[in-house]
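Peer 1: First the structure, then my questions, so here it is.
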Amino acid sequence: MVVPEETHSGSPHHVPVLVDRILALFAPALTASAEDAAGATLVDATVGLGGHADALLTAHPALRLIALDRDAEALEFSRHRLAKYGDRVHLAHAVYDELPEVLAGLGLSRVDGVLFDLGVSSMQLDSTARGFAYASDAPLDMRMDPSRGQTAADVLNDYSAGELTRILRDFGEERFAAKIARAVVRERERAPFETSARLVQLLYDTVPAASRRTGGHPAKRTFQALRVEVNGELATLRAALPAALGALAVGGRVVIESYHSLEDRMVKRALAELATSSAPLDLPVELPEHAPQLKLLTRGAEQAGADEVQHNPRAASVRLRAAERIREAA
């Protein structure tokens, strides 16, 4: 996730979150692999506007980067930004659960690093036409890849009250999910939902005032839930994590930045599972095939410091976890 700033050319200049920490976490794996003739290979599974990718390629002159993104507009921006690195960069218009297919197409089975910077980018948040933000009226789209799939308006207009309740509760952790869902169903009978301002007003009218005073903007959780549903974010991450971890060479590292608790819990479980011995409790000696496959590199989830959050408020919600593969899967 990045924050854009104005440049003299009018193009967004962006600051990647926790970039120094990410460089430090990857350095041992990429430096060791660079000593081999083939050099190191890293996958940026969510390249976005290329901030982390640019920093990694600069820090490691022999690094080969495979960059994925489902957003064609962001990918095109990164294509121009990273063009100076020539054939060291391979870009793919793909969702990160398609990582195995991308690697197979390049004839690769193992990589030295995988980076996930999850969530919505500032380019998406700040583009009014995309409908991710609730601060201004915009079409209720919310697709990270505008070329395919249902929109947020489709979800609001077509889902049953029960389905809406489920996604608001499960993906937005919204206390008033059922109440909001019933209000949406009533309101769409008058006219279909098309833009965000009408939905925001409904949420102001539906969420109790006491909750609004203590729980932040009443649209925050609903917009998150709609975005997660529209883009299949949790299902995609659930499929992508084992694929990414399985592609790591021994000594390779994975670094994952999450921006809400649902993602972070999923990442925590996936890393912990492979960082724990699978030996039965009554087994007197741990066999090699039961030994942990990963070593955790962070104690819990790391957060951005106060200085970074002050410069980039969108870094406030980041949770970073990292691990190193220490043995091949049995």
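Peer 1: So, by mean Cβ neighbours within 10 angstrom, what's the order for 314-324, 194-204 with the highest one leading?
Peer 2: With the highest mean Cβ count within 10 Å placed first, the list reads 314-324, 194-204.
Peer 1: Here is a further query. Can you tell me the length gained on complete extension of the stretch S277 to Q201, counting 0.36 nm per residue apart and subtracting the Cα distance?
Peer 2: 22.3 nm
Peer 1: Same structure again: Give the lysines whose C-alpha is closer than 24 Å to that of K179, dropping any in the same chain fewer than 8 places away, or say none.
Peer 2: By straight Cα distance, K179 reaches K220.
Peer 1: How much length would be gained if the chain were fully extended between E163 and D20, taking 0.36 nm per residue of separation minus their Cα-Cα distance, in nm to one decimal?
Peer 2: Value of the extension gain: 47.3 nm.
Peer 1: For the chain, with all protein chains present and a 1.4 Å probe, just round the carbon and sulfur fraction of the accessible area to a whole percent.
Peer 2: Carbon and sulfur together cover 53 percent of it.
Peer 1: Find the accessible area per residue for the chain; the probe is 1.4 Å, ligands and nucleic acids are left out, and the unit is Å².
Peer 2: Normalised by residue count, the accessible surface of the chain is 45 Å².
Peer 1: If each residue of separation counts as 0.36 nm, what is the full-extension length gain between A55 and A306 once their alpha-carbon separation is subtracted?
Peer 2: 88.2 nm
Peer 1: Which of rounded, prolate or oblate describes segment 138-274 when judged by the alpha-carbon gyration tensor and an a/c cut-off of 1.5?
Peer 2: prolate
The values are calculated or read from the model by the stated rules, or taken from the named source; none is laboratory data. All values derive from a computational prediction rather than experimental measurement. Glycine also receives a Cβ, built like all others from the backbone with ideal geometry; neighbour counts cover every protein chain displayed. Quick note on the areas: whole protein, heavy atoms, side chains included, nothing else; ligands and nucleic acids left out. Shrake-Rupley method; radii C 1.70, N 1.55, O 1.52, S 1.80 Å.
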